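Enquirer: Pasting in a structure now, in structure tokens, and then I'll have a few things to ask.
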Amino acid sequence: MPRRFSHQGKSLLLGVLILIFWLAAPTFIKQFSRVTFYEFQAPAWTALNYLHDLQDYWNYRQRSKNELIEAGIDMARLQAAYSLRIQEADAIREELGRLERFFELPSLPDYHYEVARVVRRDLNNWWQTLTIRKGRIHGIETGQAVVYSRGVIGRVREVHTYTAVVELISSPRFRSAVHIEGDLRPVEYQGGVNPGLGTPSGMARTIPADVRIPEDGSLRLISSRLGGVFPDGFVVGHLDRIQVGEDGLFQEGRVRLDPGLNTVREVAVLIPASQRRSERVQE
Amino acid sequence: MSTHSRAVSILFFALGLLVLQAELNNWLAGMSLALNLDILLVLFCGLYLRILHGWWIVIFVGLLVDAGRPTPIGMNVIALILLWTLVVYYRRQIHRESPTHVIWTAVSLQTVWLLTLTLTMSYGRAGEWIYWQRFLLDGGLSLVFIALFAWPWCEIQRVYLKWSGWDLNAEIQRI
């Protein structure tokens, strides 16, 4: 750096230099730097998450035997209930297959559930993302649906080698087709209404004019396979109040999302079974 | 330890701050709150380090921050470099030995950065009250945190450098 520059001149020169370099640099260099720097820090996030798991493990070790026995009994009850549900689901699936063959209908898409731990939550006013501990090597791809025990959680936004970034349904950039339970007409859903110290929410638009909220409750919004990302039937949120939209033809309303969205620790990525089969063939 | 190695070790303070911020945000997510402490990543580099050392550290940290956020590519690098440039440009006017000056610099620059983010990442929500309510809550929390920790944060790094044999006070006197 020439000595005739003052420190102010030097700082301005260096600032302008990086600005010019960044504006002139080709996109692939920017993309490469982004990927490289992400992969550089990803092990740190994962390691922190493993430390939390270890902390939980030592917490569980502190529990008394009586507590463990009670938890074991609860688990056995749940397992019995789920075994029955699985048998029921198998019978329904067989019946569905039989009807599809009989009426020569195209079969519904089948999914494999890849369960992943949440490593990091970045939920602020500008974006709402989660980083999960599974990535490209686990078969995850951009755009795949992500669900959790209480319904839809979002869509995979970025995939890295061992991690992936999920855009939540509360994110302003999340938009999807949904429908009201029991009504197959599509409704447009968009996230992005996230008050501080409150529950996350989104907006439902293009609700048909004849839809009414029951006096003693709310309407449940469920995912729709129309968008090509989510299968039918996963809970998105609840509509407590609707009003006539700006166009006067449709209604709109604020969708109350599950508060568990902000504290979720485990999610499942829906990987289409067709993708799994093609991967196995390649192997 | 050479001067360059000591300057590089300051990078680890910034990395530690990034991890701390992520951990705090993980915990605050349950209450629908979030912290943004970006100014602390450039404050020490701008106020106390040599210009080239600070520049390299801010670029590296900026690229790390940029990689982890769903913003347009390079937005965070450019923003952090601009914040750093402002700090360096006015560092003769800022009394670095005065906590009030350091805190005031950090809080005012962070406010500018938060406003910039809020206006550029609004996705058509700039007219909604809820959007600004969240901005006030998150921004207020971040600014309080910065006001409380900006001075200790700089002091820790200054003490560390002094301990490793680099007296920044003496160097600043010479500039």
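Every read-out reported here was derived from the displayed coordinates using simple, explicitly stated rules and does not represent laboratory data. Here the structure is a predicted model, which means the values were calculated and not measured. With ideal geometry, Cβ positions are generated from the backbone for all residues, glycine too; neighbour counts draw on all protein chains shown.
Enquirer: I'd like to check something: does the stretch A:139-152 contain any residue that is of a type in the set (V, I, T), under 24 Å from B:W27 (Cβ atoms) and within 14 Å of chain B (Cβ to nearest Cβ)?
Expert: no
Enquirer: Additional query: Within the stretch A:88-109, can you find the residues that are within 18 Å of A:P272 (Cβ to Cβ) and surrounded by 10 or more Cβ atoms within 10 Å (Cβ to Cβ)?
Expert: A:R93, A:L96, A:G97, A:E100, A:L108, A:P109
Enquirer: How many residues are touching a helix residue (DSSP H, G or I) at 6+ places or on another chain (Cβ under 9 Å) and surrounded by fewer than 18 Cβ atoms within 10 Å (Cβ to Cβ) if we restrict to the stretch B:109-119?
Expert: Of the residues in the stretch B:109-119, 4 are touching a helix residue (DSSP H, G or I) at 6+ places or on another chain (Cβ under 9 Å) and surrounded by fewer than 18 Cβ atoms within 10 Å (Cβ to Cβ).
Enquirer: For the stretch A:118-130, name all the residues that are facing chain B (nearest Cβ under 8 Å) and in contact with a helix residue (DSSP H, G or I) (Cβ under 8 Å, 6 or more places away or on another chain).
Expert: If the condition is that a residue be facing chain B (nearest Cβ under 8 Å) and in contact with a helix residue (DSSP H, G or I) (Cβ under 8 Å, 6 or more places away or on another chain), then A:R120, A:R121, A:D122, A:L123, A:N124, A:N125, A:W126 are the ones that fit.
Enquirer: Within the stretch A:188-197, take every residue that is in contact with a Ser or Thr (Cβ under 6 Å, 6 or more places away or on another chain) and farther than 14 Å from B:W132 by Cα and give me the one that is nearest to the other protein chains (Cβ to nearest Cβ).
Expert: Among those that are in contact with a Ser or Thr (Cβ under 6 Å, 6 or more places away or on another chain) and farther than 14 Å from B:W132 by Cα, it is A:G191.
Enquirer: Being at the interface with another protein chain (Cβ under 8 Å from one of its Cβ atoms) and either touching a residue at least 60 places away in the same chain (Cβ under 8 Å) or among the charged types (D, E, K, R) (or both) is the filter here, so list the residues in the stretch B:7-31 that pass it.
Expert: Correct list: B:E23 only.
Enquirer: Take the conditions surrounded by 14 or more Cβ atoms within 10 Å (Cβ to Cβ) and more than 30 Å from A:E39 (Cβ to Cβ) and apply them to B:A106. Does it pass?
Expert: Against the criterion (surrounded by 14 or more Cβ atoms within 10 Å (Cβ to Cβ) and more than 30 Å from A:E39 (Cβ to Cβ)), B:A106 qualifies.
Enquirer: If you check A:E141 against the conditions, is it in contact with a strand residue (DSSP E or B) (Cβ under 8 Å, 6 or more places away or on another chain), surrounded by fewer than 16 Cβ atoms within 10 Å (Cβ to Cβ) and part of a loop (DSSP other than H, G, I, E, B)?
Expert: So A:E141 passes the test.
Residues are listed down the side, and each one gets a yes or a no for (1) assigned to a helix (DSSP H, G or I); (2) without any contact (Cβ under 8 Å) to a residue 12 or more places away in the chain; (3) more than 11 Å from chain A (Cβ to nearest Cβ); (4) among the hydroxyl-bearing types (S, T, Y):
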position: B:V87; (1), (2), (3), (4): yes, no, no, no
position: B:H95; (1), (2), (3), (4): no, yes, yes, no
position: B:V102; (1), (2), (3), (4): yes, no, yes, no
position: B:Y123; (1), (2), (3), (4): no, yes, no, yes
position: B:F145; (1), (2), (3), (4): yes, no, yes, no
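Enquirer: Where residues in the stretch B:125-142 are part of a loop (DSSP other than H, G, I, E, B) and within 9 Å of another protein chain (Cβ to nearest Cβ), which of them is farthest from the chain's Cα centre (by Cα)?
Expert: Among those that are part of a loop (DSSP other than H, G, I, E, B) and within 9 Å of another protein chain (Cβ to nearest Cβ), it is B:E128.
Enquirer: Determine if the stretch A:68-76 includes at least one residue that is away from chain B (no Cβ under 12 Å) and among the β-branched types (V, I, T).
Expert: Checking the stretch A:68-76: at least one residue is away from chain B (no Cβ under 12 Å) and among the β-branched types (V, I, T).
Enquirer: Against the definition (closer than 22 Å to A:Q128 by Cα, part of a loop (DSSP other than H, G, I, E, B) and basic (K, R)), how does A:R173 come out, yes or no?
Expert: yes
Enquirer: Among what's in the stretch A:48-67 and is within 22 Å of A:E158 (Cα to Cα) and either within 10 Å of chain B (Cβ to nearest Cβ) or in contact (Cβ under 8 Å) with a residue 12 or more places away in the chain (or both), pick the residue that is nearest to the chain's Cα centre (by Cα).
Expert: My answer is A:N49.
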